[in-house]
Structure formats: structure tokens, C-alpha cells
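Sharing a structure with you now.
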Amino acid sequence: MTTRHFIIATAGHVDHGKSALVKALTGTDPDRLPEEKKRQITIDLGFAALNLTAPNGDQIHAGIVDVPGHEDFVRNMIAGVGSIDLALFVVATDDGWMPQSEEHFQILNYLGVQRAVIALTKSDLGRIDIVTNEIRERLSGTLFAESPIVPTSVRSGMGIEKLVSTLAVQLARTESQRDISKPRLFIDRVFTLRGIGTVVTGTITGGSLRRGQQIIVYPSNLEARIRSVQSHGHELEVAQPGMRAAINLPDLRVDQIKRGDVVTLPNHGMPTSTLIVRVQRPLRFNGGKIVSPTLKNGSSMYVHHGALRVAGRIRFRENGSLEPGKEKIARLKLASPIFAFIGDHFVVRDSSERHTIAGGIVLDPDGDKESLTSSVTLDNVDSLVRATLARQGFAHRENLLVKSRFSANQISEALIHLEKEGAIIVRQNIAADCEFWRKLRVRAIGLIDAAHKQTPDRVGIDLGELRSALRIQEPEVFESLVTDLCEGDFVRKGSVIARTSHRPTLPVEVQPVEQRIREALTGQPFDPPSRKAIESDSQARQVVRFLIEKGDVTELALDVVLLRESFELMKSQVAEFISKNGPSTVSQLRQSLGSSRRVMVPLLERLDLEGVTRRAGDKRMLCTSRNL
Ligand SMILES: Nc1nc2c(ncn2[C@@H]2O[C@H](COP(=O)(O)OP(=O)(O)OP(=O)(O)O)[C@@H](O)[C@H]2O)c(=O)[nH]1
Ligand SMILES: [Mg+2]
């Protein structure tokens, strides 16, 4: 039988009985710090485990994170509810809905928590029906409107069993966290154990972490190996999404890591400090007046993401502030980078940390690259792929949407069928937006045609020149473009690309110059004048280059050019001479062919390169495998 794993976090106003309830449910007192015991208040996160049996008999293991309710510790509360499956929302009957009931409720909503069970604590002290009604009113029209409300008392033991069975029913209906092979553990505690070394704990989402695995800690970029993995005191081979895990990282020192850092695998993208987001503020009332201050454009604030709190500044796409009941697209500039995925939720608090003012969702974690965009559908991989390509033009397949909540498989399947439908272009390793690719091709073809027109004597346009004219930074994109063009009416010749139909021709006015050069090269074919002598002016230079590109002239050295047929003839005469006379010196060959040292030395070097001859001391012999 398999056990399903979930994370529950408590929430609710200070002193409403969250920790007492966790103790009644699990037997574990989550308040572990001496100061917490002394002040009888929760300050930092506490942890416990609860084993449940679903109505169908399945085993459920729930890790419980107990959070502080005091307004001074909201920061810690948010760190505890980052990636939970269910909120155990506590309201005390003697007190009713209080300020942090409201604030915690909003935080859960901002973080996208889908499910809650409401415990009406201290039912031995107050009126259950009145507070139940109040809670229903507060929750009406929200995601938790239908959440079960269970009256409990840890004094009398009332409702505890009912709460256990309600949690079991709710978790049995909850989908397990998906494994997309992109694990992230948001570190909420770092400590060192004697003889063991550094240990970090946190909740795992998105994938598993296993013993022996090489991991990376962001934003510090520290690589380390996992020596061991534990969950609630049990040694594990693999910790899965939805589990609390304690990971032993002996390679790292405690002071190199802090709460809010993320453990993940290398090659899933990098943390960033500029993000495009959608922020929203719900319309909430308290006794007829709107609660929470406004969020002004350009204001400084704190962003809470995962277990991290980071200072930042927000800029809306349109001016003005964010009013209650509204949502806006904005750019976040953070004081330090965070490792966020598309679709991640975050909470915004004011710079004095007195109020929770907004919540949001990440649209693009690499927000410095593009301008602000309109909103995209985040839960559909096809539309996300299309929107991303439309925005950035192209992407390397393996880099596309790495920081998203979709697995590499889902993304590559989307690429395949979107390409089949003609919605995107895929060439080798590059995926591109159709319109982007079409425009790029049109520009490239325009440049090639212009080059043919301007320099009809040239074979085509140099690829390096074309690439820089197109301003393509990525070699792979350019390579794909060239391949694409060459599947059609274009051809690559060495480092040049041309229309297949293009035939280089010299302009009529330089044809007499060509004639003169051919004659100069024919006069003494094995010892023609130097290139410098031939290239007397720019027209002559143009003709020589043309003849070389066309293959009529061979360039032996910078200053030595020959007619192609002279070169071929010299080659066979050299071979003939050596095969008759044995290994020969430059001087013997020069004399026999009636050439000069100036021509013979580079000629023989070329023949060595071509594998016709081989050098032995100051003599040349024929290569045995030679095929004349
Ligand atoms: N009468 C009564 N008192 C309770 C009950 N549950 C908790 N208490 C008392 O309420 C006080 C606060 O309980 P905690 O569990 O510490 O409250 P908390 O919500 O964890 O408080 P913070 O973590 O500081 O926000 C303690 O003195 C508890 O004994 C209950 O069911 N009945
Ligand atoms: Mg507590």
C-alpha cells in the first residue's frame, strides 16, 4: 500500500489555540524554543507529523507546520505556508475573527492555498453558533466558502476525533503535488549537528531529492552533495514532493545558508531579481470600511516568496496605485535575486512590515529581458509556449520554460504538436515564433539578394557578415536559419551563402582587365608575376578575387597565385619527377619544372597538405597512398 504525502499548516490569530491543537492531534508540542515556552507564544515555525487513514483505507502522512499568530511574526508565518496542501485555519470561539485571522486568511489566498479545514477552537469557552456564522460570512464568496468548520476543545477533547476524520477526508480528495522533476526545497531552518554537519529543512515541491545527489543552493550558487535525507526523523533514500525533509549537506557551512534559500538541481535556470508579475488586492471589508492600505506605483515593499522575504520596488504597467478589488501587471525589482518559476505565488507587505497589502503570481521570472506583457494563461503549457515565443521570438528548446511548473517532457510534447499544427517553428535546437521566423527569413533573403546585386562578381555573402547584419547573437539560431534557407533556394559554399541560381559575373567594364590578368598568368605559367604586381589597381584586385572564388586561379600563398591548370600540371610533373628520380630537393624540382623558389616552396607545402608529397629532411618523397 502506498502512503500519500501532504503538508498542512496552521493559521489564525495569536493565542487562538493553534499549537495546543497540533499537540492534541499529534502528541508533539510544536513550540520548541525556550522563549516560546516562557512567553507561551509561538515565535517561529514548529513541526509535527500526523498519520491518517483515508475513508477508502489509504494511508496519508501529513507534515504539519505550526505558525505563529502574533502580528510581529507574520513574516515567519508566511515562510511556513509557502507550499502547503491544506490550511488548518483556527478561530477561537471566545474571540471570533480577529485582525490576524483576516491577515492569515488573505496570505493563504495570495499563496494559492486551495483547501482549508476550519477549527473552531476553545469551544468550551464561547458560542459555537455565533462564531460559526461570523466565519461563514467572512469566507463567503472566497475559495474557502465551503470549507468544513469543526468545533474543538483541547480541554474537553471535544471534536478532536472529528477534526482528524475531516482532515483525512479533505486530504483524500486533494491531488498529490506533481512531480515534474524540478525539485525545490525552500529552506526554513538551518542548523548543525555534532558529527553530522549542516542540516537544512524545508518542504519539497516539484520533484524529489535523493541521497547522494548533487544539488545547488540559490541564490548563493553553492554546489553540494546530499549525504542523507530524513523526513520526520526517518532516514529516506528519496524525499518526494509534499514531504517535509531534513537534508544533510556536510560540504556547506551553516553560515553559508539562510532561511529563504532554495535547494534545487543544477541546470534549471538561475535566480533573478527583476520579475514580471500580476498583483491583486481583494475587496475586503471590516465593519463597512475597506481594510489594508493602498499599494502605490514605485513604492518600496517586501516580497515573500517560498520561505524568503526580500525588499523590492514595484512598478505597474499603467500608472496609478493598485486599488482594492483590482489586479495589475507590474515589474518587481528586488534587492537580491530569487529562484522563482512562472506561476509561483508571492505576498507583498508594506515596508514597515505592519500590513499585508497584496498578493501576486509570477508571469515571467526573467523580466529584465522583455517589456511588460499582457497576462497569459499560466496553467496551459501550449499557450505558455506560444506566449513565451511570441514575446522573445525564439528559445533554445532545452531552455524554454525551465523555470515553469511544467516538466521537460510536457514542454517538448507541446513543441512537437504545436509545430505539427503550424503554430510555431522548430529547427534543430531552436523553437521560434512563426512571425519572428518569417521576418528573419525575409530579412536574410533581402540581404543575400542585395549582396548579389551589389557585388555580382562575388559568390555570395559572407556568413559572418550576414549574421552581424541580422544582429543575431545566438550562433544556433543563425545556424538553424542558414540550414532552413539551404533547404530551399539557397546554397552554402564554404563560408558564403548564395542563391542556388546565382552565377558570379564580372562587370563588362572590367572584362579587359580579366583578359590582361589571364595573359600575365599564362606567359610564364610556372613562375608568374607576383600577386602584388598583377593587382595594380582595385579593378585588378576585384578580378583576382573573382577568379579565385570561381576556382580558375589557385592561391598558393599571400603573394603567389597560379592558373588552376598550371597548378594541376605542376602537381603531376612533380609527382612524375620524384617517381623517376627518387626523393628530390626544392632546388631539383624547381630546376626541372622551370619554376622559382618563390613558387615552388608554397606549392610543395600545398602538395604536402593534399597528401601528394611528404617531407623528409630537405627532400620530398611521394606519399605511398597517393592516388594521382
Ligand atoms: N479553554 C481552552 N483553552 C485553550 C484551548 N486551546 C488552547 N487553549 C489555551 O489558549 C492559550 C493559547 O494556546 P496556543 O495553542 O499557544 O495558541 P496559539 O494559537 O498557538 O498561539 P500563537 O502560536 O502564539 O499564535 C493557551 O493558554 C492554551 O492553554 C481550548 O480548547 N480551550
Ligand atoms: Mg502557537
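Within region 543-567, work out how many residues are closer than 15 Å to THR613 by Cβ and not aromatic (Phe, Trp, Tyr).
Residues in region 543-567 being closer than 15 Å to THR613 by Cβ and not aromatic (Phe, Trp, Tyr): 1 in total.
Looking at VAL238, VAL200, which one is in contact with a strand residue (DSSP E or B) (Cβ under 6 Å, 6 or more places away or on another chain) and either without any contact (Cβ under 8 Å) to a residue 12 or more places away in the chain or over 21 Å from ALA79 (Cα atoms) (or both)?
Going through VAL238, VAL200 in turn, just one is in contact with a strand residue (DSSP E or B) (Cβ under 6 Å, 6 or more places away or on another chain) and either without any contact (Cβ under 8 Å) to a residue 12 or more places away in the chain or over 21 Å from ALA79 (Cα atoms) (or both): VAL238.
Of the residues ILE361, ILE342, only one is among the β-branched types (Val, Ile, Thr) and in contact with a Ser or Thr (Cβ under 7 Å, 6 or more places away or on another chain); which?
ILE342 is the lone residue from the list that is among the β-branched types (Val, Ile, Thr) and in contact with a Ser or Thr (Cβ under 7 Å, 6 or more places away or on another chain).
Could you figure out which of (1) out of contact with any Leu (no Cβ under 8 Å at 6 or more places or on another chain); (2) under 21 Å from GLY260 (Cβ atoms) isn't true of SER208?
(2)
Name the residues in region 64-108 that are more than 12 Å from ligand 2 (Cβ to nearest atom), buried (at least 19 other Cβ atoms within 10 Å of the Cβ) and under 22 Å from SER352 (Cα atoms), would you?
VAL74, ILE78, ALA79, VAL81, GLY82, SER101, GLU103, HIS104, PHE105, GLN106, ILE107, LEU108
Sticking with this one: From LEU120, LEU139, LEU125, which residue is over 24 Å from ARG244 (Cβ atoms), touching a strand residue (DSSP E or B) at 6+ places or on another chain (Cβ under 9 Å) and open to solvent by 30 Å² or more (accessible area, probe 1.4 Å)?
LEU125
When you look at ARG189, is it more than 16 Å from ligand 2 (Cβ to nearest atom), among the basic types (Lys, Arg), in contact (Cβ under 8 Å) with a residue 40 or more places away in the chain and in a helix (DSSP H, G or I), yes or no?
The answer is no for ARG189.
Kindly establish whether ASP559 is within 27 Å of GLY523 (Cα to Cα) and out of contact with any Asp or Glu (no Cβ under 9 Å at 6 or more places or on another chain).
yes
Still on this structure, I have one more. When you scan region 26-34, do you find a residue that is out of contact with any Leu (no Cβ under 9 Å at 6 or more places or on another chain), within 11 Å of ligand 1 (Cβ to nearest atom) and not β-branched (Val, Ile, Thr), even just one?
Scanning region 26-34, I find at least one residue that is out of contact with any Leu (no Cβ under 9 Å at 6 or more places or on another chain), within 11 Å of ligand 1 (Cβ to nearest atom) and not β-branched (Val, Ile, Thr), so the answer is yes.
For region 199-229, name all the residues that are among the polar types (S, T, N, Q), within 24 Å of VAL310 (Cα to Cα) and not in a loop (DSSP other than H, G, I, E, B). Before the answer, list the steps.
Just the residues of region 199-229 that are among the polar types (S, T, N, Q), to begin with: 201, 203, 205, 208, 213-214, 220-221, 228.
Then drop every residue that is not within 24 Å of VAL310 (Cα to Cα), which leaves 201, 203, 205, 220-221.
Result: THR201, THR203, THR205.
Taking the options ASP484, ASP449, name whichever one is in a helix (DSSP H, G or I) and touching a Lys or Arg at 6+ places or on another chain (Cβ under 6 Å).
Numbers: ASP449 fails: touching a Lys or Arg at 6+ places or on another chain (Cβ under 6 Å).
Just a single option satisfies the conditions, and that option is ASP484.
Still on this structure, please answer the following. Please indicate, with yes or no, whether at least one residue in region 542-563 is open to solvent by 60 Å² or more (accessible area, probe 1.4 Å), more than 55 Å from the chain's Cα centre (by Cα) and not polar (S, T, N, Q).
No, region 542-563 has no match at all.
Is it fair to say ARG225 is at pLDDT 95 or above and in contact with a helix residue (DSSP H, G or I) (Cβ under 7 Å, 6 or more places away or on another chain)?
Spelling it out, it is not the case that ARG225 is at pLDDT 95 or above and in contact with a helix residue (DSSP H, G or I) (Cβ under 7 Å, 6 or more places away or on another chain).
Being out of contact with any His (no Cβ under 9 Å at 6 or more places or on another chain), in contact (Cβ under 8 Å) with a residue 24 or more places away in the chain and within 12 Å of ligand 2 (Cβ to nearest atom) is the filter here, so list the residues in region 40-63 that pass it.
Matches in region 40-63: ASP44, LEU45, GLY46.
Going by the structure shown, is ASP188 under 30 Å from ARG259 (Cβ atoms), acidic (Asp, Glu), within 42 Å of the chain's Cα centre (by Cα) and open to solvent by less than 60 Å² (accessible area, probe 1.4 Å)?
yes
Among the numbered criteria (1) of a type outside the set (Lys, Arg); (2) under 28 Å from the mean Cα position of the chain (by Cα); (3) within 14 Å of ligand 2 (Cβ to nearest atom), which single criterion is violated by GLN114?
All conditions are met except number (3).
Of all residues in region 607-620, which are touching a strand residue (DSSP E or B) at 6+ places or on another chain (Cβ under 6 Å) and open to solvent by 60 Å² or more (accessible area, probe 1.4 Å)?
ARG614, ASP618, LYS619, listed by residue number.
Residue by residue, here is whether (1) without any contact (Cβ under 8 Å) to a residue 40 or more places away in the chain; (2) under 17 Å from ARG184 (Cβ atoms); (3) surrounded by fewer than 18 Cβ atoms within 10 Å (Cβ to Cβ); (4) touching a strand residue (DSSP E or B) at 6+ places or on another chain (Cβ under 6 Å) holds:
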| site | (1), (2), (3), (4) |
| --- | --- |
| SER300 | no, no, yes, yes |
| PHE316 | yes, no, no, yes |
| LEU332 | no, no, no, yes |
| PHE346 | no, yes, no, yes |
| GLY359 | no, no, no, yes |
| PRO365 | no, yes, no, yes |
| ASP368 | no, no, yes, yes |
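Look through ARG443, ARG405, ARG427, ARG471 and report the one residue that is modelled with pLDDT of 95 or more and surrounded by fewer than 21 Cβ atoms within 10 Å (Cβ to Cβ).
After ruling out the rest, the residue left standing is ARG443.
Looking at SER536, SER595, can you tell me which residue is among the small types (Gly, Ala, Ser), open to solvent by 60 Å² or more (accessible area, probe 1.4 Å) and assigned to a loop (DSSP other than H, G, I, E, B)?
Working: SER595 fails: open to solvent by 60 Å² or more (accessible area, probe 1.4 Å).
Going through SER536, SER595 in turn, just one is among the small types (Gly, Ala, Ser), open to solvent by 60 Å² or more (accessible area, probe 1.4 Å) and assigned to a loop (DSSP other than H, G, I, E, B): SER536.
Now a separate question. Of the residues that sit in region 1-15 and are open to solvent by less than 10 Å² (accessible area, probe 1.4 Å) and more than 8 Å from ligand 1 (Cβ to nearest atom), which one is nearest to ILE118 (Cα to Cα)?
Ranking the candidates gives ALA11 first.
Further, regarding this structure: If you scan region 16-38, which residues turn out to be basic (Lys, Arg), open to solvent by 20 Å² or more (accessible area, probe 1.4 Å) and either within 9 Å of ligand 2 (Cβ to nearest atom) or modelled with pLDDT of 95 or more (or both)?
LYS23
If you don't mind, another one. Report the residue count in region 475-491 for those that are out of contact with any strand residue (DSSP E or B) (no Cβ under 8 Å at 6 or more places or on another chain) and surrounded by fewer than 18 Cβ atoms within 10 Å (Cβ to Cβ).
Going through region 475-491 one residue at a time, the tally reaches 4.
The values are calculated or read from the model by the stated rules, or taken from the named source; none is laboratory data. Every value quoted in this text rests on a predicted model; they were computed, and no experiment measured them. Here the Cβ is made from the backbone with ideal geometry for all residues, glycine too, and neighbour counts use every protein chain on show. With ligands, DNA and RNA removed, areas are computed over all heavy atoms of the protein, side chains included. Shrake-Rupley method; radii C 1.70, N 1.55, O 1.52, S 1.80 Å.
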